[in-house]
Amino acid sequence: MIDNFLTICERIKKELSIKKDKDLIGIIGTSQPTFSRRKKENKFDYEWAFIINKKYNLLAEWILTGEGPKTIESLKNVDQREDIQDDGHSINNAYVECYWQNKFVRKVSLIPGKKYIIEPLNPKAKKNRGLNVELITYNFKEGVQVLILNNENNKTRKYLIVDPCDLKEI
């Protein structure tokens, strides 16, 4: 479950050894009015978590919930033998085996920082097909968080949450 705005901010400030909101605002690159509005709404912007992830290698899931591995490095050391079954995917902490209509299609290694192309298992699915992306972090309950690499508007980063089986290694 995603924590409230103040809890998330305090977690980040503690981890980054900063004391003031204005320092956090500078790190995430937003304005004071936007930050104040989000604080009042009690809604921490997911994109801010991704920005902190990219700058400091803190995983977005940990930033938002305080649960799971904290950094990409700690994610690489997760026990590889723990298998979980979830929605037709055989999931290991490092990869997912993907099935379409009960037939094995591919195995996808989930490595933060690795580059993929979005290729949904469903041949009729067209949304985001062909986008080059970089894996940021993964949470099997919500999907994997990726950064679009071939974004025409290079001034802003665009993030998506996709099914891990929609990724094809390149």
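Coordinate-derived values only; no laboratory data. Just so it is clear, the model here is predicted, and its values are computed rather than measured. As a convention, Cβ positions derive from the backbone with ideal geometry for all residues, glycine included, and neighbour counts pool all protein chains shown.
Among PHE35, PHE44, which comes first, then next, by fewest other beta-carbon atoms within 10 Å?
Exposure proxy ranking, most exposed first: PHE35, PHE44.
Which of PHE35, TRP62, ASN4 sits farthest toward the positive end of the charge dipole of region 1-73, with +1 on the Cβ of Lys and Arg and -1 on the Cβ of Asp and Glu?
The residue sitting farthest along the positive end of the dipole is PHE35.
From the phi of every residue in region 10-22, what ³J(HN,Hα) in whole Hz does the Karplus formula 6.51 cos²θ - 1.76 cosθ + 1.60 yield, where θ is phi - 60° and glycine or proline is x?
5, 4, 5, 4, 5, 5, 8, 6, 10, 10, 10, 4, 4
What does a probe at LYS14 reach in region 40-58, counting residues whose amide N is under 15 Å from the point 7 Å along Cα→Cβ?
Hits in region 40-58 for LYS14 at 15 Å: none.
For region 2-43, with only Lys/Arg (+1) and Asp/Glu (-1) charged at the beta-carbon, what is the dipole magnitude about the Cα centre, in debye rounded to 20?
That gives region 2-43 a dipole magnitude of about 140 debye.
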